[in-house]
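S.K.: Next up is a structure, given as structure tokens.
What follows is calculated from the coordinates using simple rules that are stated; it is not laboratory data. Quantities reported herein were computed from a predicted structural model and do not represent experimental measurements. Ideal geometry is used to build each Cβ from the backbone, glycine not excepted, and the neighbour counts take in all protein chains shown.
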Amino acid sequence: MSQITDSEIQDRIDALKNGVKLTPEEIAAHTTSMVGFNYTVDDYYEVGREEIRKHARAVQDAHPVHWDEAAAAEMGHDTLIAAPTFVSVLGIIAQRRL
């Protein structure tokens, strides 16, 4: 299976914008060609304490390691730790860039 190129992706996007409708077979072929495709973000995202607290508040996670640095240190962490669901924030940011 060959990797799809950026120009092929752009050609498909342009065709869709111009009203070209893909058949189910073409959609399946496109989906198959995208397997293993990697997107790389050209920047980094720094997470601060207040963002961790804001996310914990949003998901109603009252665990002290998300709120209090002393409590996080007692649990063996250098600083506040993000809830496992915090990765959804990064996914939203990446999706917006795509």
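S.K.: Under a plain spin-label model, where a point goes 7 Å from the Cα along Cα-to-Cβ, how far apart in nm are Asn38 and Ala70?
M.R.: Here the answer is 4.4 nm between the modelled labels.
S.K.: Which one, Leu90, Ala72, Ala28, is farthest towards the positive end of the dipole of the chain when Lys and Arg carry +1 and Asp and Glu -1 on their Cβ?
M.R.: Ala28
S.K.: Any idea what the dipole of the chain comes to, in debye rounded to 20, about its Cα centre with Lys/Arg Cβ at +1 and Asp/Glu Cβ at -1? If you can, show how the numbers build up before the last one.
M.R.: On the way: 9 positive and 16 negative charges, 81 e Å.
Taking the Cα centre of the chain as origin, the dipole is about 380 debye.
S.K.: Rg(Cα) of the chain divided by 2.2 N^0.38 Å?
M.R.: Values: Rg = 20.6 Å, N = 98, 2.2 N^0.38 = 12.6 Å.
Dividing the Cα radius of gyration by 2.2 N^0.38 Å gives 1.64.
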